[in-house]
Amino acid sequence: MVYTTNRGGPARGPEAGGLDRAGLDMLLEAAGRGDRGAFDRVFEQLSAPVYGVIRAVLRDSAQAEEVAQEVFLEIWQVSSRYDASTGDATAWVLTIARRRAIDRVRSVAAAAGREQRTAAVPFLDQVSDVVEDILEREQLRRCLVSLSYTQREAIMLAFYGEHTYLQVARMLGVPPGTAKSRIREGLSKLRDGMQNGTAASSGLRAG
């Protein structure tokens, strides 16, 4: 199954335009029952919003296109789990898109082993300084796991995604102060984890 995202806006066929929330919810539920035509119309309506959410997280347009493909493949596979009583179809789909985009940021960062920082943004320097102090990747992984999901999400976007805290706030849909607080609290926990890990390693060597 191959779909091409329409960056200029949702694609609209002769029957696809003007769907309200209830109509889109019904189409996604039908897709969950295996209705391929219903799924095609869901794609027509949401391809552009999905690409927009992903593109806001990923700077590379080719990767954004690839992730968008993965998102719609996942939606087709798991659409049977959609329950309109818990939220509308658009929000459900865009949540998957944002999660996939953030997962790609993490994957690229881990594969490339990049530990970059943006010198022009002092706040990002703080993030980079903490992460670069953790020399062992295994220790970094353990420290990141110790953070809350929201703290880890914000730090991954700021450091590996090279976004400012204002950009992180927009991506997460939270006030700038909240994004900044999550990153600061996460950095504090990373520092503690690094120091505890270093102390433990020193103790083992001394013994």
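The values are calculated or read from the model by the stated rules, or taken from the named source; none is laboratory data. Model, not experiment: these values are computed from the prediction. Virtual Cβ from ideal backbone geometry, glycine too; neighbours counted across all protein chains shown.
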Matching residues, the range 22-59, being outside any helix (DSSP H, G or I) and more than 14 Å from the chain's Cα centre (by Cα): 33, 34, 35
Single unsatisfied condition, residue 147 versus (1) touching a Gly at 6+ places or on another chain (Cβ under 8 Å); (2) at pLDDT 85 or above: (2)
Checklist (1) more than 30 Å from residue 168 (Cβ to Cβ); (2) modelled with pLDDT of 85 or more; (3) in contact with an Asp or Glu (Cβ under 7 Å, 6 or more places away or on another chain) applied to residue 12, failing item: (2)
Matching residues in the range 60-69 - criterion: being assigned to a helix (DSSP H, G or I) and over 17 Å from residue 96 (Cβ atoms): 61, 62
Matching residues, the range 142-168, being small (Gly, Ala, Ser) and surrounded by fewer than 21 Cβ atoms within 10 Å (Cβ to Cβ): 146, 148
Some residue of the range 105-126 being closer than 20 Å to residue 195 by Cα, under 19 Å from the mean Cα position of the chain (by Cα) and at pLDDT below 70: yes
